[in-house]
Amino acid sequence: MASPLKAASPGRGQGIVAQLRKIEDSDGRGTIRFSDGKTLDVSHLDKIYFPDGGYTKGDVMRYYASVADVMLPLIADRPLVLKRYPEGISADSFFQQNAPLDAPSSVRVMSVKSATGTSRRIVGGGLPTLLYTVQLGAIDVHPWLSRVQTLQFADFAVLDLDPMPRARFDRVKKVALWIGEILEEAGYRAAIKTSGSRGLHIFVPMPARTKYEEAQQFARTIATEIAEAHPREVTIQRLIAKRPPGTVYVDFFQNAEGKSVAAPFSLRAKAGATVSMPVAWNELNAALQITDFTIENAPAIAKARARHWRFTK
């Protein structure tokens, strides 16, 4: 099929999109040159990453270059957890925490001290860094909930709404609205986005210097209240085998140091090349579907959608 992202997007990624297309149209190997003088060697841009749509590694890079203006500030200074798909979404994948020893100088790598020790991490915020993760085979972007300046403190509490097999997406939206009502009544601001997979993610900004244990307890309290009020629709049972098949699992365990959640505007390694997209609370109606946002349409709407990530209801 024809390559997506045909029109170069405005902003810092405009020239990069054109360079990537030129490289892929030749032999798939070349050097990207950024406006600040940095460079990044890329290869195998013609490799198919999404067999169902025919999207290539080059398409993934062009996508991220196209949404860079809205996405990069959201992952700036945050360590990234890589899930690598070197042969595309239909083949084996694996997680990578530490930065490769041969990471190029244009990529931001820092020694990050955490509860599990000190390690070299790739840190988000720059377009060369983001595109390097794709060069390694990453498709999703998974940042920590804290920044390198304040690693022990959570910027957000996250509620991950994950439907069990018999739970339709309409039920996920209903659960999200129940949670939204609780948060609004308690005076909390929150933003919501599609996961790009099957569920929804709710982010609640935490006060400065909120410890991860406190953020998790906050999310646990909300999840427990919803599960107790709606036991037929909601579960907080961690063991998959014990979750009722028609319920929505409200996961609060991602609120821990070193854990990560897909970033807003992240591509997901799913059929259709879906995108984790911010939505307005009043869009949680019958019309909204996960497949509404994909590699094809997300670049054109990302800037407008960014306004939904301002934590107002």
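Take region 64-98 and flag every residue that is surrounded by 23 or more Cβ atoms within 10 Å (Cβ to Cβ) and among the charged types (D, E, K, R).
The answer is R78, and nothing else.
Give me the residue from region 99-115 that is surrounded by fewer than 16 Cβ atoms within 10 Å (Cβ to Cβ) and among the charged types (D, E, K, R) and, out of that set, farthest from the chain's Cα centre (by Cα).
D102
Tell me the residue from A223, A208 that is outside any loop (DSSP other than H, G, I, E, B) and either surrounded by fewer than 17 Cβ atoms within 10 Å (Cβ to Cβ) or of a type in the set (A, V, I, L, M, F, W, C) (or both), please.
A223
Return yes or no: is R189 modelled with pLDDT under 95 and either farther than 18 Å from A167 by Cα or surrounded by fewer than 21 Cβ atoms within 10 Å (Cβ to Cβ) (or both)?
Yes; evaluated as a whole, the condition is true for this residue.
Does V134 satisfy the condition of being in contact with a Pro (Cβ under 6 Å, 6 or more places away or on another chain), more than 22 Å from T247 (Cα to Cα) and hydrophobic (A, V, I, L, M, F, W, C)?
Spelling it out, it is not the case that V134 is in contact with a Pro (Cβ under 6 Å, 6 or more places away or on another chain), more than 22 Å from T247 (Cα to Cα) and hydrophobic (A, V, I, L, M, F, W, C).
Which of the residues that make up region 226-268 are part of a helix (DSSP H, G or I) and among the hydrophobic types (A, V, I, L, M, F, W, C)?
I226, A227, A229, I240, A241
Filter the strands (runs of 3 or more DSSP E) completely within region 33-105 down to those with at least 3 residues that are more than 27 Å from G272 (Cα to Cα), assigned by TED's automatic domain parsing to the domain that holds L127 and in contact (Cβ under 8 Å) with a residue 24 or more places away in the chain.
Answer list for region 33-105: 39-42.
The values are calculated or read from the model by the stated rules, or taken from the named source; none is laboratory data. What you are looking at is a predicted structure, and each value in this text was computed from that prediction instead of being measured. Counting neighbours? That spans all protein chains shown, and the Cβs are built from the backbone with ideal geometry, glycine included.
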